[in-house]
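K.L.:
The structure's right below; bear with me while I get my questions together.
The values are calculated or read from the model by the stated rules, or taken from the named source; none is laboratory data. Quick caveat: nothing in here was measured; it's all calculated off a predicted structure. Counting neighbours? That spans all protein chains shown, and the Cβs are built from the backbone with ideal geometry, glycine included.
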Amino acid sequence: MASDDPAANAGQVLRIALPVPLPRLFDYLSPSGALPEVGCRVRVPFGRRELVGVVAGHGTGADAPDGLKQVLANLDDTPLLAGELLASLRWLARYTHAPLGEVLATALPGPLRHGEPLPDIRRRGWQLTADGRGALASMRAGRPRILATALAAGAVDEALLAARLEGWRGAARALERRGLAEAVILEGSPAAPGGVDGPPPNPDQLAAIEAITTAAGFAPFLLDGVTGSGKTEVYLHAIAGCLARGRQALVLVPEIGLTPQLLARFRTRLGVPVHVLHSGLADGERARTWAAALSGQARVVVGTRSAVFLPLPEAGLVVVDEEHDSSFKQLDGIRYHARDFALYRARSLGVPVVLGSATPSLESLANAQGGRYRHLRLHQRAGGARPPAVRVVDVRKRPLQAGLSPELLDAVQRELDAGGQVLVFRNRRGYAPVLLCHDCGWSACCARCSSEERGTPMTVHAAGRRLQCHHCGARRPAPGACPDCGGLGLQPQGAGTERIEEVLQERFAGQRVVRIDRGSTRQRDGLEKRLAEFGDAPGILVGTQMLAKGHDLPNLTLVAVVGIDEGLFSADFRAPEKLAQLLIQVAGRAGRAAKAGRVLLQTHHPDHPLLATLLQGGYHAFADQELELRAAAGFPPFAHLALMRAEAKQVADCDGFLRAARERIEQVAGEELELSGPLPAPMPRRAGYQRTQLLLSSPGRPALHAALHAALPAIHALPEARKVRWSLDVDPVDLY
């Protein structure tokens, strides 16, 4: 126990977790004054820099070697990371075999990570000044006047302004500069408008709601419902029950684009402030949401992957929507899976966790079949909507225009004539996948990602004027003539969303054609704005997988899927699962309301077994077959993987490091562990770096982790490790 004497405390040793890629804690002498508690942030000298770390433990003066540096400042009076959250983060560091300091830094929003104090979470609002009230009548039309009109009756909470007025912040700043409006702190809690009742649940929904709301303690549920079956309604009822018990609810969604629709629906139905956390927010907003969760002020939070790190002192429910989605896996830094960490946190918190999907991951289905999750099924679409009719279009020997068959174009015309909306789905953005010389066969490849054995094509953008590598981001103008033969026969080959958009605009002149992909939605709230632009009137959406998840478009009656063939023959063992999920999810956008829906699948392989299984038996028939194949091959979920990757300018450095790492692992591994490699990565060169990898596989998780835990200290100490950039990915979702 620390002494009350500041001088005595100054001799205490603090074990500090620092955000550096070294798997150890660092010892510092405590500053004079109060001894920082475990979980408090401190500022320390580190080489020529100053870093912000987290106290992970205490030592005594007897532990202090000569020359130990002293902490520069204690940044917190009480721990930011404590209790369940700190214990869960320690577990995550052990599971991912990542430095604790980097894990703790990942869990904190940017301002807190850099040493700033907890933000003020008092309610903020805006009101007109006396000059503003006098000038209101003479203001010109525009957003400032709209905002001023909304403030005419008195101060309005920022959260309400955000929900009601697009672009209100810019208008508020404009009024503030003119002295017509001012920011104020609002007293008390926000007025709750009261929830709005939704449609009555059907029997399947009622059974799921009752199971979740009556669960005591930790209880994992797999909510498995066909597209349009009303999984969100089940979430809403479960969250309402959680709020009635005075508890907090966390809802994870895979992408930012899903949050606007969910937020609007949650706010309307629940009648409480709904906080949001995703990468599109400013750092200050993210920090305020984190602080509001820590204080218990945030009762419902909807967020993407990083929201799994929120403190939940009064937790009552965790929901993971679209649990199958690979966006929940962090692919750099700390390579955690938000779904899996949400399960661990729910267990630690002793609360129910609901994993929802129309196409559950094979891992989750195996857990449900093994009795580890309770399997809740929603078999029918909500509100009387019918499943869409699916038709395979054989395009062999058929003339194609930007990949679109005459049958598909005729179907689009009929749907538009009937007043419907159409989604043309192509999971490849850009104008064309490759630029090819028709005279000599030259193709435009990325100089930074191509190897001698394999070229990496650059994608054609801007109707053929620009080339871009979708792997490293390199850009250059398209050449006017072939660099090899000087010929003028350069032609874009294949079709991406930009080219399909161009063709549809020409073919259906006068109809609205809206493209939604990463390129068209880069700006803030880009997806929400594009969907608002599309509206409810007849028109055509052209989009990538951004549109396959969770979006509710009630007037969409035809989905046309283009270019699925490349996914039928991938070498990735997860490719069939991903393709099946994508097809089911995108098909599910059609016919979600009163109008019946149709789906057209264009393919050169109409007899492929995957398509036949999906059409005849649905996703679960495919999943049963795929699980049998995975079991026979020894792939997850019947094996546990870890992937060690190495990058360097020279491939010999990569191979040398991985061979040395393999030797260290083999020295401590049991018979259960199987190692493959070093081998070239499926993409052997990226951004100028050679890439190789070492795959570890074991039928049991303990054997895999025991070997890694024993070998990693020696691997970190290898002289070869200083010649490469290397990483370890436990439970990889991509073997890229």
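K.L.:
Can you tell me which residues in the range 704-715 are over 18 Å from ASP655 (Cα atoms), within 31 Å of the chain's Cα centre (by Cα) and either of a type in the set (Gly, Ala, Ser) or surrounded by 16 or more Cβ atoms within 10 Å (Cβ to Cβ) (or both)?
P.N.:
LEU704, HIS705, ALA706, ALA707, LEU708
K.L.:
Another one. Going by the conditions given, is LEU22 at pLDDT 95 or above and either in a loop (DSSP other than H, G, I, E, B) or within 28 Å of PRO313 (Cβ to Cβ) (or both)?
P.N.:
no
K.L.:
Sticking with this one: When you check PRO117 against the structure, is it within 29 Å of GLU158 (Cβ to Cβ) and surrounded by fewer than 19 Cβ atoms within 10 Å (Cβ to Cβ), yes or no?
P.N.:
Yes: the conditions hold for PRO117.
K.L.:
When you check ARG41 against the structure, is it out of contact with any helix residue (DSSP H, G or I) (no Cβ under 7 Å at 6 or more places or on another chain) and of a type in the set (Lys, Arg), yes or no?
P.N.:
Considered against the rule, which asks whether it is out of contact with any helix residue (DSSP H, G or I) (no Cβ under 7 Å at 6 or more places or on another chain) and of a type in the set (Lys, Arg), ARG41 comes out as yes.
K.L.:
Right, another one. Going by what's in this entry, would ALA463 be described as in contact with a helix residue (DSSP H, G or I) (Cβ under 9 Å, 6 or more places away or on another chain), free of Cβ contacts under 8 Å to residues at least 40 places away in the same chain and closer than 21 Å to THR544 by Cα?
P.N.:
yes
K.L.:
CYS440 fails exactly one of the following numbered conditions: (1) buried (at least 22 other Cβ atoms within 10 Å of the Cβ); (2) over 25 Å from VAL561 (Cβ atoms). What is the number of that condition?
P.N.:
CYS440 satisfies every listed condition except (1).
K.L.:
Kindly provide the set of residues from the range 492-532 that are surrounded by fewer than 19 Cβ atoms within 10 Å (Cβ to Cβ), out of contact with any strand residue (DSSP E or B) (no Cβ under 6 Å at 6 or more places or on another chain) and free of Cβ contacts under 8 Å to residues at least 40 places away in the same chain, ordered by number.
P.N.:
Selection gives GLU506, ALA509, GLY510, ARG522, GLN523, GLY526, LYS529, ALA532.
K.L.:
While we're here: Report yes if some residue within the range 599-610 is in contact with a Ser or Thr (Cβ under 9 Å, 6 or more places away or on another chain) and not in a strand (DSSP E or B); otherwise report no.
P.N.:
For the range 599-610, residues in contact with a Ser or Thr (Cβ under 9 Å, 6 or more places away or on another chain) and not in a strand (DSSP E or B): absent.
K.L.:
Quick check, is CYS469 surrounded by 17 or more Cβ atoms within 10 Å (Cβ to Cβ) and within 31 Å of the chain's Cα centre (by Cα)?
P.N.:
For CYS469, the condition - surrounded by 17 or more Cβ atoms within 10 Å (Cβ to Cβ) and within 31 Å of the chain's Cα centre (by Cα) - is met.
K.L.:
Of these, LEU718, LEU728, LEU695, which one is closer than 17 Å to GLU663 by Cα, under 26 Å from the mean Cα position of the chain (by Cα), surrounded by fewer than 19 Cβ atoms within 10 Å (Cβ to Cβ) and not acidic (Asp, Glu)?
P.N.:
Only one candidate qualifies: LEU695.
K.L.:
Among (1) over 27 Å from GLU363 (Cα atoms); (2) touching a His at 6+ places or on another chain (Cβ under 8 Å); (3) crowded, with 17+ Cβ neighbours inside 10 Å, there is one condition ALA687 misses while meeting the rest; what is its number?
P.N.:
(3)
K.L.:
Taking the residues in the range 444-457 that are touching a residue at least 40 places away in the same chain (Cβ under 8 Å) and surrounded by fewer than 22 Cβ atoms within 10 Å (Cβ to Cβ) as candidates, determine which candidate is farthest from the chain's Cα centre (by Cα).
P.N.:
The selected residue is GLU453.
K.L.:
Within the range 175-203, can you find the residues that are under 30 Å from ARG381 (Cβ atoms) and either of a type in the set (Gly, Ala, Ser) or at pLDDT 95 or above (or both)?
P.N.:
Scanning the range 175-203 gives GLY194, GLY195, GLY198.
K.L.:
Restricting to the range 3-19, and then to whatever is closer than 26 Å to LEU118 by Cβ and either under 43 Å from the mean Cα position of the chain (by Cα) or buried (at least 20 other Cβ atoms within 10 Å of the Cβ) (or both), can you tell me which residue is modelled with the lowest pLDDT?
P.N.:
Looking at residues that are closer than 26 Å to LEU118 by Cβ and either under 43 Å from the mean Cα position of the chain (by Cα) or buried (at least 20 other Cβ atoms within 10 Å of the Cβ) (or both), I get GLN12.
K.L.:
Against the condition aliphatic (A, V, I, L, M) and modelled with pLDDT under 95, how does ALA687 come out, does it pass?
P.N.:
Here the answer is yes, as ALA687 does meet what is asked.
K.L.:
Do any strands (runs of 3 or more DSSP E) lying entirely in the range 194-310 carry at least 2 residues that are small (Gly, Ala, Ser), and which ones are they?
P.N.:
219-225
K.L.:
For ASP76, work out the one condition from (1) over 18 Å from GLU102 (Cβ atoms); (2) without any contact (Cβ under 8 Å) to a residue 60 or more places away in the chain; (3) assigned to a helix (DSSP H, G or I) it doesn't fulfil.
P.N.:
(3)
K.L.:
Still on this model: Would you pick out the residues in the range 271-290 that are surrounded by fewer than 22 Cβ atoms within 10 Å (Cβ to Cβ), of a type in the set (A, V, I, L, M) and over 18 Å from the mean Cα position of the chain (by Cα)?
P.N.:
Hit for the range 271-290 is VAL272, nothing else.
K.L.:
With respect to VAL156, determine if the residue is hydrophobic (A, V, I, L, M, F, W, C), closer than 30 Å to LEU378 by Cβ and at pLDDT below 90.
P.N.:
It is false that VAL156 is hydrophobic (A, V, I, L, M, F, W, C), closer than 30 Å to LEU378 by Cβ and at pLDDT below 90.
K.L.:
Based on what the data block shows, is ALA137 without any contact (Cβ under 8 Å) to a residue 12 or more places away in the chain, over 33 Å from the mean Cα position of the chain (by Cα) and assigned to a helix (DSSP H, G or I)?
P.N.:
yes
K.L.:
Right, next: Tell me which residues, restricted to the range 472-491, are within 16 Å of ARG518 (Cβ to Cβ) and either surrounded by 13 or more Cβ atoms within 10 Å (Cβ to Cβ) or of a type in the set (Val, Ile, Thr) (or both).
P.N.:
CYS472
K.L.:
Do any residues in the range 606-617 that are at pLDDT 90 or above have Cβ atoms under 6 Å from those of residues that are among the aromatic types (Phe, Trp, Tyr), where the two are at least six apart or on different chains, and which pairs are they?
P.N.:
What qualifies is THR613/PHE622.
K.L.:
Next up: Kindly check whether there is at least one residue in the range 424-435 that is crowded, with 16+ Cβ neighbours inside 10 Å and without any contact (Cβ under 8 Å) to a residue 60 or more places away in the chain.
P.N.:
For the range 424-435, residues crowded, with 16+ Cβ neighbours inside 10 Å and without any contact (Cβ under 8 Å) to a residue 60 or more places away in the chain: present.
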